[in-house]
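Have a look at the structure below before the remarks.
Readers should treat all values here as calculations from the given coordinates under stated rules, not as data from a laboratory. These figures come from a predicted structure and were not determined experimentally. Because the Cβ atoms are built from the backbone with ideal geometry, glycine has one as well, and the counts that use them run over all protein chains shown.
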Amino acid sequence: MDLDLRKVRYFVAVAELLHFGRAAERLHIAQPVLSRQIRALEKDVGAELFVRDSHGVALTGAGRQLLEDGSALLASADAARRRVLRVARGTRRLLVGFRAGIVVAPALRAFSAAHPDVRGNARRVEWDDQERLILDGTVDIAYVRRPVREDGLELLPLCTEPRVAMLPEGHRLAGKPGITLADLDGETWLRYNDPGPDDLPIRTVEEKFEYVASGTAITMVPRSVAEQYSRPDISYVPVTDAAPDQVLLAWAAGRHSSLITAFAEIARTVAGQTAGES
């Protein structure tokens, strides 16, 4: 039996919240209706998806697998819906995502010259949404930086670049021509994936500026970020033994698009020319 996307969407809401009442509120449906839909889905797939007891709701092994596959399935369906709507409106468009510091304009200019009937635009993505925005169709293709969650993505390595320390003005190492990681021993580093209980995740380079300039902590950024973003209260210092930053192109695996293929080839050529000039 084919999976009913509506039931899968209901399931994902419960799986993420592990609470039928809150999931029903999120979905704007009655809780008994949601419970019936989940039981119907369990019948469809032939497996129990949740353990329900006096302690609450927990996913079974089958439920964990469906959450992983179902989230990707819903993202793919949403992406298809967006593409169909764009075609129905008569608009051929390629939306290219990019991380801070990465210059997209040369590749977009070359792409537009080769495809004058296609509107090419760019949208910045961040470390915590770069994969989601590709998989759900918000962007068609994106320049991303490692680390990358590779599930569901095709990846094309483009280039690497050195990383530099972002330090507050007046820091003991500010202004030096180069330092090593050992020189940074004992420093407090910004936390990204594991913020404190009262902290919000740090997402953007602008947020990094504020933390570093205030003396709260330091971090490292790709050299291209240092070249594009300058502030008098921030100092960038090359870290000679830091692992280089990796830039890749990413798009949804299994998506066959002549425009994506064309842009990827142009982007690779432009990256090669840029590397040859540097």
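Over the residues of the chain, the helix contribution to mean residue ellipticity at 222 nm works out to -13000 deg cm²/dmol, using -39500 (n - 2.57) for each DSSP H run of at least 4. Segment Ala72..His256, full-extension length gain: 64.5 nm, with 0.36 nm per residue of separation and the alpha-carbon distance subtracted.
Sorted ascending by nearby beta carbons within 10 Å, beginning with the fewest, Trp189, Trp127, Trp251 become Trp189, Trp127, Trp251.
Remark: spin-label model distance Glu25-Ser54 equals 2.5 nm, labels positioned 7 Å along the Cα→Cβ axis.
Cβ-Cβ distance of Arg83 and Glu169, R₀ of 51 Å, FRET efficiency by 1/(1 + (r/R0)^6): the value works out to about 0.60.
Sort the chain into rounded, prolate or oblate with this rule: let a ≥ b ≥ c be the square roots of the eigenvalues of the Cα gyration tensor; rounded if a/c is under 1.5, and if a/c is not under 1.5, prolate when a/b is larger than b/c, oblate otherwise. Note, shape of the chain comes out oblate. By the beta-carbon count within 10 Å of each Cβ, the least crowded to most crowded order of Lys208, Lys43, Lys176, Lys7, fewest first, is Lys43, Lys176, Lys7, Lys208. Going by neighbour counts of Cβ atoms within 10 Å, the residues Val45, Val139 line up, fewest first, as Val45, Val139. Rounded to the nearest 20 debye, the dipole size of the chain about its Cα centre is 1200 debye, using +1 on the Cβ of Lys and Arg and -1 on the Cβ of Asp and Glu. Computed on the chain, with alpha-carbon pairs under 8 angstrom and 6+ residues apart, the relative contact order is 20 percent.
Cα to Cα, under 17 Å, and not fewer than 8 places away if on the same chain: which lysines meet these conditions relative to Lys43? Cα-Cα hits under 17 Å: Lys7.
Spin-label pair Ala113-Arg149: with each label point 7 Å from Cα along the Cα-Cβ axis, the two points sit 3.8 nm from one another. Between the residues Leu67, Ala30, Pro177, the greatest Cα displacement towards the positive end of the dipole of the chain, with unit charges on the Cβ of Lys, Arg, Asp and Glu, is found for Ala30. The label point for Trp189 and the one for Thr204, both projected 7 Å from the Cα toward the Cβ, are 2.5 nm apart. With both residues required to sit in the chain, DSSP beta bridges show an antiparallel share near 70%. Residues whose amide H lies under 5 Å from that of Cys159, counting only those 5 or more places away or on a different chain, are Val247; hydrogens are built 1.01 Å from N in the peptide plane.
Taking the inverse of the mean reciprocal distance over all distinct Cα pairs, the Kirkwood hydrodynamic radius of the range 5-77 comes to 12.1 Å. Highest mobility in the GNM of the chain, judged by mean-square fluctuation with C-alpha springs under 10 Å and restricted to Ala213, Ala75, Ala113, is found for Ala113.
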